[in-house]
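I have placed the structure first, in the form of structure tokens, so that the comments after it can refer back to it.
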Number of protein chains: 2
Amino acid sequence: MGKISRKVDILHAASKVVSEKGIFNLTLDATAKEAGISKGGLLYHYPSKEALVQGMVEHLANNYREKISNNAESDPVDKGKWVRAYVDVTFNQAYQNKDMHYGLLAAKAVSSNSLDPIRELYSDWQYKIEDDGIDPIKATIIRLATDGIWLSELFDIYHIEKDKKKAVYEKLREWANE
Amino acid sequence: MGKISRKVDILHAASKVVSEKGIFNLTLDATAKEAGISKGGLLYHYPSKEALVQGMVEHLANNYREKISNNAESDPVDKGKWVRAYVDVTFNQAYQNKDMHYGLLAAKAVSSNSLDPIRELYSDWQYKIEDDGIDPIKATIIRLATDGIWLSELFDIYHIEKDKKKAVYEKLREWANE
DNA sequence: TTTAACATACCATCTGGACGGTACACTTTC
DNA sequence: GAAAGTGTACCGTCCAGATGGTATGTTAAA
């Protein structure tokens, strides 16, 4: 897209490779080709495959963190705002560049440390969600159900239908207000 | 363990490799070594890497299907029995040979078709859960939350604490009775 | 003219899997 | 009942191809 950040373009290219061809085909060659540069050019920006995957995870984590923060902070009601933000962003906003989730798949494959930024995010959210003014177990369940949707979709084991997804979304939102 | 089924031993060995060393190190050599046989011997039982992974997924799917069926059929109360069976088995029984879940990770990496047995299971359960005598959306949420736990654990992005897990379990069971 | 942003050529290593054997338990044939 | 044949369960070696990464250009902007 923009010429400003070729690095982000490369990240998108890598995600596309993973989503279309699987983790085993996330090679430097394939990523470079998808990004329209040579392998040398790719290695200039990301000096190793691990660095590339790290970049994917960090980009995803930063985007996600920012979106949820914005959402929670602009919520007029205090009680349950983090739970609502989590549900809202995951259901409605994160799916636009859903391909970026594939960075997690790659990270899980490459090395265990690569997932650290996401783990940190999660433990942070869990803390906020449990202190959100609603029953913490209920809040946790709402969060887990939300995770269940995107994880099973990322994993490709279960794709929920649009209508059902909307109904689930509405019920979860309802619970986040009680 | 038993000498009866070397094939199952091999499957366990492969799962162990994935869980300990990651998907990229699931090689025929590593699996053979872990199983205590040679590569040639391994290839006798599973003629290709894809066949090995296929074996892992099928084994997991069969075990899971059987456990849930037994659980549901022995439930004295009809209403909500499939939802309860799903929650019960996933929380309390599937975690004994949790390592087998790593077959899914391997399958996702190797080829898209390898996951078919699990997809079939899932669509089957979804059907039963929606026709279980309780509100289908609520039933779906219970199921999604259950998935959220094991998927995020498998993915290694969020590990729920024991106490919290128990509390979640009890609340989900409670909802499955309403 | 220096430096950022690439491209090209090349190498060392790893991996799947094909293949030729081996050991041994059955079974059939004579 | 011994010899010959047959199927099962392995072992160890070899190799073509793919892959991550290095080393060394090249070009265009500042």
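The values are calculated or read from the model by the stated rules, or taken from the named source; none is laboratory data. Keep in mind that what you see is a predicted model, and the values were worked out from it rather than measured. A quick note on method: Cβ atoms are made from the backbone with ideal geometry, for glycine too, and the neighbour counts reach across all protein chains shown.
Kindly list the number of the only condition in (1) of a type in the set (S, T, N, Q); (2) at pLDDT 95 or above; (3) within 27 Å of A:LYS21 (Cβ to Cβ) that fails for A:ASN97.
(2) is the only condition that A:ASN97 fails.
Can you confirm whether segment A:3-24 contains a residue that is within 14 Å of chain B (Cβ to nearest Cβ), within 15 Å of DNA strand C (Cβ to nearest atom) and either outside any helix (DSSP H, G or I) or under 20 Å from A:TRP125 (Cα atoms) (or both)?
Looking for residues that are within 14 Å of chain B (Cβ to nearest Cβ), within 15 Å of DNA strand C (Cβ to nearest atom) and either outside any helix (DSSP H, G or I) or under 20 Å from A:TRP125 (Cα atoms) (or both), one finds at least one in segment A:3-24, hence yes.
Where the second residue is assigned to a loop (DSSP other than H, G, I, E, B) and the first is farther than 15 Å from B:SER5 by Cα and lies in segment B:36-50, which pairs have Cβ atoms under 7 Å and are six or more apart or on separate chains?
That search, which allows pairs on different chains as well, returns B:GLU50/B:SER111.
Restricting to segment B:102-142, what's the tally of residues that are of a type in the set (A, V, I, L, M) and closer than 23 Å to A:VAL17 by Cβ?
Selection size over segment B:102-142: 7.
Can you name the residue in segment A:111-130 that is more than 8 Å from chain B (Cβ to nearest Cβ) and among the hydroxyl-bearing types (Ser, Thr, Tyr) and, of all such residues, is surrounded by the most Cβ atoms within 10 Å (Cβ to Cβ)?
That would be A:SER114.
All but one of (1) within 22 Å of A:VAL168 (Cα to Cα); (2) away from chain A (no Cβ under 12 Å) hold for B:VAL87; state the number of the condition that does not hold.
Failing condition for B:VAL87: (2).
Quick test for you: out of A:ALA51, A:ALA35, pick the one residue that is more than 11 Å from DNA strand D (Cβ to nearest atom) and either away from every other protein chain (no Cβ under 14 Å) or under 13 Å from A:ILE10 (Cα atoms) (or both).
The unique qualifying residue is A:ALA35.
Considering only residues that are in a loop (DSSP other than H, G, I, E, B) and crowded, with 16+ Cβ neighbours inside 10 Å, look in segment B:25-78 and name the one that is nearest to DNA strand C (Cβ to nearest atom).
Result: B:LEU26.
Please work out which one of (1) within 13 Å of the chain's Cα centre (by Cα); (2) crowded, with 22+ Cβ neighbours inside 10 Å; (3) more than 7 Å from chain A (Cβ to nearest Cβ) is the condition B:LEU151 fails and give its number.
(3)
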